[in-house]
Amino acid sequence: VTVTAGARLGSKPAVSIDPGDPALVPPGFLRVENDAVTGRKGTHGTLFARWPPGTGTIVISGSKPLGSSPSQEYLAIGNPSLFTAALFQYDLRRDGVRMTEPATTGTLPAGARVIYTHRSPQSLAAYLRNQNRWSVNERAENLYRLLGVARTGRGSPQAAQAAIAAYLARAHLPADRVQVDGSGLSVLDEMSAGQIRSEERRVGKECRSR
């Protein structure tokens, strides 16, 4: 998100969004709420850009001094699941698929069935060794889901969270922390990297002992 000061004192700054690839922004998904003002030249800027969790709205507030250089902010997507669904729907429309309802998220519909699965040839222990050498967000997410597989046989975020909750109980740690993904990119994550790493190591040891 790029914010440029307005042409005169008190006017609203200009806001533009650059996703890197215009095709990655579903039309109509994003809304900008620009509550910022152009401040007096030479003053200290108080510009603040945020994307509230669970929304499709980017909120700009504060002051951007007159004549100052444009400000650039990188924001985490407020609702990643809905964003992905909207982007998928947008691509389907471009391929001629007719849609009758807007993109939504929720529980798996009744009657849904698995049409394809893929089993990774790597064990959880091998994933852990690779992830500890360097940080790869996709691998971290897979490792998080494998916690659920190791505990319940299901690689869903819910199963992974249940595994984390069980660990917190065994370790006598507060259960008020939430980990919703493995990469740590979600704005809803409330668990430290150290906490989830401890659980990954424990499960990795279990896999090696088997």
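Worth pointing out:
- Other-chain or far-sequence residues with amide H under 5 Å of residue 25's (modelled H): none
- Gain in span if fully extended, residue 31 to residue 46, counting 0.36 nm per residue against the direct Cα distance: 3.2 nm
- In whole percents, the pair-distance distribution calculated for the stretch 1-65 from its alpha-carbon pairs, binned every 5 Å from zero, is 4, 18, 25, 21, 15, 10, 6, 1.
- Carbon plus sulfur fraction of accessible area for the stretch 10-70, probe 1.4 Å, in percent: 56 percent
- Contact order normalised by residue count of the stretch 1-137, Cα under 8 Å, 6+ apart, percent: 21 percent
- Cα shape, the stretch 24-150, gyration tensor, a/c 1.5 rule: oblate
- Residue by residue, the stretch 54-63 carries 3J(HN,Hα) couplings of x, 10, x, 10, 9, 10, 10, 9, x, 10 Hz when phi is fed to the Karplus relation 6.51 cos²θ - 1.76 cosθ + 1.60 (θ = phi - 60°); x denotes Gly or Pro.
- Couplings for the stretch 77-87, taken from phi via the Karplus curve 6.51 cos²θ - 1.76 cosθ + 1.60 with θ = phi - 60°, read 4, x, 9, x, 5, 5, 4, 4, 5, 5, 5 Hz in order; Gly and Pro are left as x.
- For residue 32, nonlocal amide neighbours, meaning residues 5 or more places apart or on other chains whose placed amide H falls under 5 Å from its own, are 58.
- Cut-off 16 Å, label 7 Å out along Cα→Cβ of residue 105, residues of the stretch 40-84 by amide N: 51-58, 76-84
- Cleavage-rule hits (trypsin sites (Lys or Arg not before Pro)) in the stretch 68-104: DSSP loop, at most 13 neighbouring Cβ within 10 angstrom: 98
- 3J(HN,Hα) along the stretch 155-160: x, 8, x, 5, 5, 5 Hz, from the Karplus curve 6.51 cos²θ - 1.76 cosθ + 1.60 with θ = phi - 60°, whole Hz, x for Gly and Pro.
- Spatial separation of Cα centroids for the stretch 1-29 and the stretch 44-102, in angstrom: 10 Å
The values are calculated or read from the model by the stated rules, or taken from the named source; none is laboratory data. Owing to the predicted nature of the structure, the values given are computational and were not obtained by experimental measurement. Cβ sites come from the backbone with ideal geometry, for glycine too, and all protein chains shown count toward neighbours. All accessible areas refer to the heavy atoms of the entire protein, side chains included, with ligands and DNA or RNA removed. Shrake-Rupley method; radii C 1.70, N 1.55, O 1.52, S 1.80 Å.
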